[in-house]
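The values are calculated or read from the model by the stated rules, or taken from the named source; none is laboratory data. Model, not experiment: these values are computed from the prediction. In this analysis, Cβ positions are derived from the backbone assuming ideal geometry, glycine residues included, and neighbour counts consider all displayed protein chains. Accessible surface areas use protein heavy atoms only, side chains included; no ligands, DNA or RNA. Shrake-Rupley method; radii C 1.70, N 1.55, O 1.52, S 1.80 Å.
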Amino acid sequence: MGKVIVVTSGKGGVGKTTSSAALGAALALRGDKVVVVDFDVGLRNLDLVMGAERRVVYDLVNVIQGDAKLSQALIRDKRVETLYLLPASQTRDKDNLTEEGVERVIGALRKAFDWVICDSPAGIERGATLAMRHADVAVVVTNPEVSSVRDSDRIIGLLDAKTAKAERGERVEKHLLLTRYDPNRAERGDMLKVDDVLEILSIPLLGIIPESMDVLRASNVGAPVTLADSRSAPAVAYLDAVRRLTGETVPITIPGEKRSLLGKIFGRRAA
Amino acid sequence: MKIFRIFAKQASAPVARERLQVLLAHERASVGNSDLVTLLREEILAVIAKHVQIDRDKVNVKMERGAKVSTLAVDLEIPLDTGAKAA
């Protein structure tokens, strides 16, 4: 039985889709069988970020409504053969996701894959609650910025209340993924530091993804950032995060620290 | 401190951190209790209605959360002519 991971945040634009694609690809690179499921019905984008937008025939809603078989809707990645995508529908809306339908699809995926990664839509409505519904593990994507931290706090509350695990009296394993982190701005005191966010949200840290041009560059060409350039700073951070996710102990590093060390010296001189 | 502020902009992150801590302490407490005020309102009204007739639209139940104590304010109008119900 595979593990179900929900990538969620509450706030939009913090990097859920980027992270879903990057984590999924990184897990698949280890040889695990991975499917990334887009729950953002009506505003799908995972297909675009993963470079499969022209290969979408059937989608999650088709499978839920019985118009297509799961195997017909799954798209196999052209770069990593153990990586699959289940796209969301672009033309329908989230009301087409039924609770029973989602349960059935996730149950089937769990049997066939080692990892089922659910890319949640923003918000706390139906789409988001269904995406987290059957999760074993939650990756809470947060930017070091007040509105994102507040929304993440709300999502953490929902993970403890509205998931199938919570209703059975169990706990969803929660991890914080801090994205778009700029060590220089944090050092200058103009961005919440890692410890600030950790203290406020008090869930364990999975990784710190630096703000980087490489993320935009990867999405431009339709490749998960971990596949586009596996040596770029964000890719290394995602690869480390995946090692932690699989139970390895990897010390947390703040990416781009080498550069910021120089900045530190200059910063101190200026002061 | 003030002398430093003249030369450099004050770091904004500590302000963000403090605002978040205060806000979230309140929000966490209220999310689980969102029904508490409704429940209190109904039960308080039931007790009062036993003795005096009240207009349900003219009742205001408010809960304010402070750092150490919270206050519950019940504000209701009792019409003069119906005050004699219980007697």
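Just to check your reading of the model, which residue among A:Ile117, A:Ile203 is within 14 Å of another protein chain (Cβ to nearest Cβ), surrounded by 17 or more Cβ atoms within 10 Å (Cβ to Cβ) and under 16 Å from A:Ser9 (Cβ atoms)?
Result of the check over A:Ile117, A:Ile203: A:Ile203.
Taking the stated definitions as given, is A:Asn220 open to solvent by 30 Å² or more (accessible area, probe 1.4 Å) and farther than 23 Å from A:Ala22 by Cα?
The answer is no for A:Asn220.
Could you identify the single residue in A:Glu187, A:Glu211 that is open to solvent by 50 Å² or more (accessible area, probe 1.4 Å) and without any contact (Cβ under 8 Å) to a residue 60 or more places away in the chain?
None of the other options fit; the residue is A:Glu211.
Residue-by-condition table, conditions (1) within 14 Å of another protein chain (Cβ to nearest Cβ); (2) loosely packed, with under 12 Cβ neighbours inside 10 Å; (3) within 21 Å of the chain's Cα centre (by Cα); (4) modelled with pLDDT under 80:
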position	(1), (2), (3), (4)
B:Lys9	yes, yes, no, yes
B:Val22	yes, yes, yes, no
B:Val31	yes, no, yes, yes
B:Ser34	yes, yes, yes, yes
B:Leu39	no, yes, yes, yes
B:Leu45	no, no, yes, no
B:Ile48	no, no, yes, no
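So, in the range A:130-175, exactly how many residues are free of Cβ contacts under 8 Å to residues at least 60 places away in the same chain, open to solvent by 30 Å² or more (accessible area, probe 1.4 Å), of a type in the set (Asp, Glu) and within 14 Å of chain B (Cβ to nearest Cβ)?
Number of matching residues: 2.
From the residues in the range B:54-87 that are in a strand (DSSP E or B) and not hydrophobic (A, V, I, L, M, F, W, C), which one is modelled with the lowest pLDDT?
Out of the qualifying residues, it is B:Arg65.
Take the conditions modelled with pLDDT under 75 and open to solvent by 50 Å² or more (accessible area, probe 1.4 Å) and apply them to B:Arg5. Does it pass?
yes
Would you call A:Ala131 among the hydrophobic types (A, V, I, L, M, F, W, C), modelled with pLDDT of 95 or more and not in a helix (DSSP H, G or I)?
Criteria not met by A:Ala131.
Of all residues in the range A:11-34, count the ones that are open to solvent by 10 Å² or more (accessible area, probe 1.4 Å) and under 21 Å from A:Leu159 (Cβ atoms).
Residues in the range A:11-34 being open to solvent by 10 Å² or more (accessible area, probe 1.4 Å) and under 21 Å from A:Leu159 (Cβ atoms): 7 in total.
Determine the pairs where a residue that is exposed (fewer than 15 other Cβ atoms within 10 Å of the Cβ), located within the range A:89-113, has a partner that is of a type in the set (A, V, I, L, M) and in a loop (DSSP other than H, G, I, E, B) with Cβ atoms under 8 Å apart, the partner being 6 or more residues away or on another chain.
A:Asp93/A:Val41; A:Lys111/A:Met1
Looking at (1) modelled with pLDDT of 95 or more; (2) closer than 30 Å to B:Arg17 by Cα; (3) not hydroxyl-bearing (Ser, Thr, Tyr), can you tell me which one A:Val80 breaks?
(2)
Take the residues in the range A:64-80 that are open to solvent by 10 Å² or more (accessible area, probe 1.4 Å) and assigned to a helix (DSSP H, G or I); name whichever of them is farthest from A:Val225 (Cα to Cα).
The extreme case among them is A:Ile64.
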